[in-house]
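Just so it is clear, none of the values below were taken in a lab; they were calculated from the coordinates. All figures in this text were calculated on a predicted structure; none of them were measured in a lab. Please note: Cβ atoms are built from the backbone with ideal geometry, for glycine as well, and neighbour counts cover all protein chains shown.
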Amino acid sequence: MFTELNSILNASPDSITPGELIVVSDRQSDASFLVHHFLSFYLRARCKVCFLGLVQSFCHYSAVSQRLGLSLTQAKERGQLVFLEGLKDSLSILIPHERNAESQAMNFLQDPAAGLRSLYEFVQSSVAGSGSSEDWGPPVLLVDDLSVLLSLGVSAGAVLDFSHYCRATICSQLQGNMVMLVRCSGEEEEEDGD
């Protein structure tokens with residue numbers, strides 16, 4: 001899958017460079033295909049993947065992955081993939097009768113000024129403990145789309161802190177990798193041109 005892209009990136013599922021932080025930024029063209037590429041890439045490389053799906057549902061990513069020859073459901077069942085369904089979990093926080101006691105990761109929605117500690121703790125627990133008999137490769141954090149947190153009222157400082165803590169844990173301490181998609185709106189484009 002995406003052999004030309006792997007060639008350009010000088011990457012192969014057989015040889016992963018540990019400690020990489022990849023930030024994918026899109027302005028005029030949709031870069032979502034890169035999220036699908038990296039999800040497929042790291043699952044094929046037998047990495048333990050924590051995916052923060054803040055934009056699309058699990059069904060969306062699963063359908064695309066099926067076309068790429070991967071089953072996200074099987075990856076979840078094996079313990080290789082931990083998927084945070086941000087859209088669904090957001091509703092359980094914002095609509096009290098939909099409360100989901102299992103997931104505390106999106107608790108920051110109750111008070112965005114409090115920061116992203118609950119989300120970081122979710123990531124940390126997802127990549128730290130394997131919970132299965134499989135021996136997975138290095139942990140990987142995929143985030144689609146980091147800029148959604150700003151739209152939800154989280155401060156830019158809290159998003160940066162979250163990113164730094166995740167990088168320190170995953171890239172430095174655990175020698176894993178991170179891929180984060182960040183979308184730029186038209187306003188940022190105009191400001192850059194001035």
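Once backbone amide H atoms are built at 1.01 Å from N, Val140 has Lys48, Val49, Cys50, Asn177 as its partners under 5 Å, excluding neighbours fewer than 5 places away on the same chain.
Shown here is the pair-distance distribution of region 21-175: with all Cα-Cα distances grouped in 10 Å bins from zero up to the longest one, the shares run 10, 41, 38, 11, 0 percent.
Given their separation in residues at 0.36 nm each and the Cα-Cα distance between them, His164 and Cys184 gain 5.2 nm when the chain is fully extended.
Straightening the chain between Phe33 and Ser125 buys 30.4 nm, computed as 0.36 nm per residue apart minus the Cα-Cα spacing. Given their separation in residues at 0.36 nm each and the Cα-Cα distance between them, Gln110 and Glu77 gain 8.8 nm when the chain is fully extended. Between Gln66 and Asp26, the FRET efficiency from the beta-carbon distance, with R0 = 30 Å, is close to 0.80.
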